[in-house]
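Okay, structure first, notes after.
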Amino acid sequence: MKNLQVLLIVLCSLTLSSVASAQDPFSLSMGVGLKGGINGNGYTGVAEGDSLPLNNQQVTGDPEIYPAGGVGGAIGLHLDVRAFDLVGLETGLHLSYDNADGYEDKNVNGVAAGRDNQTQRTTALHVPLLLKFWVPGLMVRPVFGLGAQFVFQQDSTLEHDNAGGRFITNPRTIETSNYVLGMLTAGLEINVLYVRIPIELRLGYNLGFGSAASDRVRLEGNNPGTATVVYDGAYQFHAALFTGIIYEYDFLF
């Protein structure tokens, strides 16, 4: 009889605890705001002597893509959804100015002939889709994220200041590119009432970036001497230091 009483007490306790947990509210918050800051972009160069296809033949030469990097800026809309003040998703739409400068010192018959400077300027839309993790309950919270960022280039220019016959004889142009970055983010959020102020480092790598000349350049024309060299405007690396202001809206279900 005593054992039966103990069993009934345990069953009642388990039932009450399960009902209580089922009645716990589901905590969901949404953050809306602006985010932006300084960004950096770059890519590695292409080795001289890489071949390019032209009319079913391989043309060997220097595609004149130098290692390059630069600093720009970005700003845009931010949206995140967070459950239990712990885990959530981030997206947004950022207008980004992606720049890179590079150069190569030229030699002719072993004699220094000057420097060819390369300048790329690109405007792009960046759309992040990140899984985010927050440390809950703190006024200053560590935040981590991983996921993807979709890049849609709107316009791009590429210039060589020694083009026009000195080092580069073929006509040259660049075309815009769309690509996907693998992203990692880390930083802090300062929480004041219903406002969050993020400070974060964002690192991205172009998952489809190729290192060969044929991955980054193509030739248009009938013969190697007059063919137009068309560059792909994609960047290999992206990095940014972002801040902003985010308004938080809390929901309980």
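The values are calculated or read from the model by the stated rules, or taken from the named source; none is laboratory data. A quick note: this is a predicted structure, and the numbers were derived from the prediction, not measured. So basically every Cβ, Gly included, is an ideal-geometry build from the backbone, and we count neighbours across all protein chains shown. For accessibility, only protein heavy atoms count, side chains too; no ligands or nucleic acids. Shrake-Rupley method; radii C 1.70, N 1.55, O 1.52, S 1.80 Å.
Figures for the structure shown
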| quantity | calculated |
| --- | --- |
| Tabulated pairs, segment 92-117, first at positive phi, second at pLDDT below 95, C-beta under 9 angstrom, 6+ apart or interchain | 114/105; 114/106; 114/162; 114/166; 114/167 |
| Count of residues meeting criterion [among the aromatic types (Phe, Trp, Tyr), under 23 Å from the mean Cα position of the chain (by Cα) and open to solvent by 80 Å² or more (accessible area, probe 1.4 Å)] in segment 214-253 | 1 |
| Residues that are touching a His at 6+ places or on another chain (Cβ under 9 Å) and either within 23 Å of residue 160 (Cβ to Cβ) or in a helix (DSSP H, G or I) (or both), drawn from segment 199-234 | 206 |
| Of the criteria (1) open to solvent by less than 50 Å² (accessible area, probe 1.4 Å); (2) modelled with pLDDT under 95; (3) closer than 23 Å to residue 35 by Cβ; (4) not basic (Lys, Arg), which one residue 74 fails | (2) |
| Some residue of segment 154-175 being farther than 30 Å from residue 112 by Cβ and β-branched (Val, Ile, Thr) | no |
| Test: residue in segment 102-118 that is of a type outside the set (Ser, Thr, Tyr), surrounded by 15 or more Cβ atoms within 10 Å (Cβ to Cβ) and within 28 Å of residue 184 (Cβ to Cβ) | yes |
| Per-region count, segment 60-70, residues loosely packed, with under 15 Cβ neighbours inside 10 Å and hydrophobic (A, V, I, L, M, F, W, C) | 0 |
| One residue from 180, 143, 127, 151 being open to solvent by 50 Å² or more (accessible area, probe 1.4 Å) and assigned to a strand (DSSP E or B) | 180 |
